[in-house]
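The values are calculated or read from the model by the stated rules, or taken from the named source; none is laboratory data. Quantities reported herein were computed from a predicted structural model and do not represent experimental measurements. Every residue, glycine as well, gets a Cβ built from its backbone with ideal geometry; the counts of neighbours run over all protein chains shown. In case anyone asks, the SASA skips ligands and DNA or RNA and just uses the protein heavy atoms, side chains included. Shrake-Rupley method; radii C 1.70, N 1.55, O 1.52, S 1.80 Å.
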Amino acid sequence: MNSIFKRRSVRNYLPNPIEKEKLEQILRAAMQAPSARNQRPWRFLVVTDRKELDRLADAAPNLSRLKDAQAAIFTFFDKENLTAPLFVQQDLSGATMNIMLQATELGIGTCWLGMYPNTERTELVNKALGTPKNLEIFSVVTLGYPKDPDTLHFVDRFEPEKIYYEKF
């Protein structure tokens, strides 16, 4: 699974649009994430329209990266009917990571814009999007084909001194 080792935060994209079938593959990967008690609370909003990406980038300072992106996937969780509410952050983190790994596999760069639980950020973004009351923004992933084709490359981050076996 080389995408784990090649994934990088990419902020400079080509102007090429991302194909709809690739976006669907990415969303399918997101929904394969593990979920506590199989609650699958995730919901996704995909934005590819250039005018809308620019509007959102201007609506909240934490969305400024949308100016360079060719698409964005907003991840939300449905606050209603949760079977394991304490694990929503883990569920959505797994889905967000799967988005980035599948995109990397397809040669698409991504950057995770953290939102939840920063109330200042979530309120601005929820307002800009007109998010329904039952949903809460969790993260935003910008997507685009990297300007530098060598961006998605391996960087060795292995740190054996941070590993313990059997006991500390």
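Yes/no per residue for (1) over 13 Å from the mean Cα position of the chain (by Cα); (2) more than 27 Å from Asp156 (Cα to Cα); (3) assigned to a loop (DSSP other than H, G, I, E, B); (4) among the charged types (D, E, K, R):
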{"residue": "Ile4", "(1), (2), (3), (4)": "yes, no, no, no"}
{"residue": "Ile18", "(1), (2), (3), (4)": "yes, yes, yes, no"}
{"residue": "Arg43", "(1), (2), (3), (4)": "no, yes, no, yes"}
{"residue": "Arg55", "(1), (2), (3), (4)": "yes, yes, no, yes"}
{"residue": "Ser64", "(1), (2), (3), (4)": "yes, yes, no, no"}
{"residue": "Ile73", "(1), (2), (3), (4)": "no, yes, no, no"}
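The single condition among (1) modelled with pLDDT of 95 or more; (2) farther than 23 Å from Ile18 by Cα; (3) of a type in the set (Ser, Thr, Tyr) that Thr119 does not satisfy is (1).
For Ile4, are the conditions met, namely being β-branched (Val, Ile, Thr) and more than 26 Å from Asn126 (Cβ to Cβ)? It would help to see each step written out before you state the result.
Values: β-branched (Val, Ile, Thr): yes; more than 26 Å from Asn126 (Cβ to Cβ): yes.
Against the criterion (β-branched (Val, Ile, Thr) and more than 26 Å from Asn126 (Cβ to Cβ)), Ile4 qualifies.
Selection of first residues in segment 47-73 that are more than 18 Å from Thr131 (Cβ to Cβ) and of a type in the set (S, T, N, Q) and of second residues that are part of a loop (DSSP other than H, G, I, E, B) and open to solvent by less than 60 Å² (accessible area, probe 1.4 Å), restricted to Cβ pairs under 6 Å at least 6 apart or on distinct chains, gives the following pairs, ordered by first then second residue: Gln70/Ile18.
If you go through segment 89-110 and keep only what is open to solvent by 10 Å² or more (accessible area, probe 1.4 Å), in contact (Cβ under 8 Å) with a residue 60 or more places away in the chain and not in a helix (DSSP H, G or I), you end up with just Leu106.
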